[in-house]
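Following: one structure in C-alpha cells, then a few remarks.
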Amino acid sequence: MHYVKKCPECASINLFWNKEKGEIVCKDCGLVIEEKMVDFDQEWREFDSEAAARKRRTGAPMTYTQFDQGLGTDVGKKSDLYALGSKGKNKFFRLRKWQQRISTAIERNLKLALAELKRVSSYLKLPASVEEEASRIYTLAVQKGLVRGRSMESVVAGTLYAACRRHDVPRTLDELSEASNIEKKEIGRTYRFITRELGITILPSNPADYIARFASALKLSPETQSKSVEIIERAQKVELTSGRGPTGIAAAGLYVAALINGEKRTQREVADVAGVTEVTIRNRYKELLDELGLEKEIKKSKKKIAS
C-alpha cells in the first residue's frame, strides 16, 4: 500500500488512503487504485507491559538455542495452583512432569548440549548472534549423527569456534579450551570434522581482528593499535601472513608497534595475552623486520626516547 506513488490513470500524486475501507483512491480522477487492503496495525490499546503481554497473539520468535526451538508450551503457571483443590494440584503436577519428559534421543542430547553451549558462550562473553549460529550448527550435527563417538563438550566447543569464525568474533582455541576444559587439539579436530561434513565454508581469520582485544589487555594506546593494524595490512600485501597463525602475527604486530611508539612490552607479556609462545613472537617479529624494513622506525623511536 505504501509503494503506490502516483495514479496509473491520470499520473496524479494526490492520493487518499482510506483506512476504514482499506482503499487507496485518486482524489483527481476517483480511480480506486488499491482495495481490500490488510490493516496490520493493532486494534487494541495497551497501557503497561502486563497488558501488552496478555493481549499479544504471538510468542517469542523461533530460536535454535532451545531444544524445541522455542515452540514448546508450559502447562499452566505455579500461580494457578491457588485456584485448584488437592486433586487439581496433583493433576497439575502430573501433567507438568509428563510434559517435561523428552521423547527422542536427539531432544535429550540437545537439551543437555545447549545448556553447556550457553554456559561456555556466557563465559566467553559471546554475542547472541554467535550463540544462535553455534546452536544451529550443533542441531544440524546431531541430526546428521556427527556427535556419536565424540564427547558432547568437544562438539559444543567446535561449533562455537566455527560460529565465532563465521561472525568474525575473535576467540582463540586456547580460550575455548579454558572455557570448556577440553584440549585444544581435540577442539580443532572436532571443528574441522564438523565444518567438512556439513559443508560450512569458513574464511581464514584476519590477524587484525585480534588487535583490539590484545591491545586492551596490554593497556596500549589507540595510536599503537592503529600502527599494528597498518603493519599487519602491509604484511598481508607481501603475503607474509599466509600459512601462519593469525594470533602469532597479531601479537608480533602489536609488539613491533609498541616498540615504535615507545610503549615497550616484553615478549612474555604479549605472549601470555595472545596465548602463543615467545618463540612464535620472536620468529614473526624477525620476519616482519626483514620483509617490511621496520628496523629504521624502531631505531628512530629509541633515539626520540633517549633525547
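Can you classify region 106-198 as rounded, prolate or oblate using the Cα gyration tensor, where a ≥ b ≥ c are the square roots of its eigenvalues, rounded means a/c under 1.5, and otherwise it's prolate if a/b beats b/c and oblate if not?
Numbers: a/c = 1.36, a/b = 1.23, b/c = 1.11.
Note, shape of region 106-198 comes out rounded.
With each pseudo-label sitting 7 Å past Cα toward Cβ, what's the Ile298-Arg148 distance in nm, one decimal?
Distance between label points: 5.5 nm.
Between Arg268 and Ala105, 0.36 nm times their residue separation minus their Cα-Cα distance comes to what?
Here the segment from Arg268 to Ala105 would lengthen by 53.9 nm.
For Asp68 and Leu112, calculate 0.36 nm times their separation in residues minus their Cα-Cα distance, and state this gained length in nm to one decimal.
Working: separation 44, 0.36 × 44 = 15.84 nm, distance 1.23 nm.
That works out to 14.6 nm of additional length.
How big is region 182-286 in terms of Cα radius of gyration and Dmax, in angstroms?
Here Rg and the maximum Cα pair distance are 14.8, 48 Å.
Which trypsin sites (Lys or Arg not before Pro) in region 115-163 sit in a loop by DSSP (not H, G, I, E or B) and have at most 10 other Cβ atoms within 10 Å of their own Cβ? Let's see the in-between values first.
Values: sites: Lys118, Arg119, Lys125, Arg136, Lys144, Arg148, Arg150; in loops: Lys125, Lys144, Arg148, Arg150.
Those that pass, being in a loop and sparsely packed, are Lys125, Arg148.
What is the log10 of I(q)/I(0) for the chain, computed with the Debye formula using one identical point scatterer on each Cα and no solvent, at q = 0.08, 0.10, 0.16 Å⁻¹?
Cα-only, vacuum Debye calculation for the chain: -0.65, -0.80, -1.20.
Divide by every residue of the chain the summed helix terms, -39500 (n - 2.57) for each DSSP H run of at least 4, and state the resulting mean residue ellipticity at 222 nm, rounded to the nearest 500 deg cm²/dmol.
On the way: 13 runs with 170 residues, N = 307.
It lands at -17500 deg cm²/dmol.
Region 91-159: which GluC sites (Glu not before Pro) are DSSP loop and have at most 10 other beta-carbon atoms within 10 angstrom?
Values: sites: Glu107, Glu116, Glu131, Glu132, Glu133, Glu153; in loops: none.
Those that pass, being in a loop and sparsely packed, number zero.
Length gain on complete extension for the stretch Asn181 to Asn18, per 0.36 nm per residue less the alpha carbon to alpha carbon distance? Write out the running numbers ahead of the final one.
Details: separation 163, 0.36 × 163 = 58.68 nm, distance 6.33 nm.
Between Asn181 and Asn18, full extension yields an extra 52.4 nm.
Taking DSSP loops as anything outside H, G, I, E and B, show the longest stretch in the chain free of chymotrypsin sites (Phe, Trp or Tyr not before Pro) there with at most 15 other beta carbons within 10 Å. Don't jump to the answer; show the numbers that get you there.
Values: sites that count: Tyr3, Phe40, Trp44, Phe47.
Counting only loop sites that pass the neighbour cut-off, the longest clear stretch is 48-307.
Counting other Cβ atoms within 10 Å, which GluC sites (Glu not before Pro) in region 197-295 have at most 14 and lie in a DSSP loop? Working shown, then result.
Working: sites: Glu197, Glu223, Glu230, Glu233, Glu239, Glu263, Glu269, Glu278, Glu287, Glu291, Glu295; in loops: Glu239, Glu263.
The qualifying sites are Glu239.
What's the center-to-center distance, using Cα atoms, between region 231-307 and region 149-165 in Å?
Taking the Cα centre of region 149-165 as reference, the centre of region 231-307 is 32 Å away.
FYI, it's all coordinate maths here, none of it is from the lab. Just so it is clear, the structure is predicted and the values come from calculations on it, not from any experiment. So basically every Cβ, Gly included, is an ideal-geometry build from the backbone, and we count neighbours across all protein chains shown.
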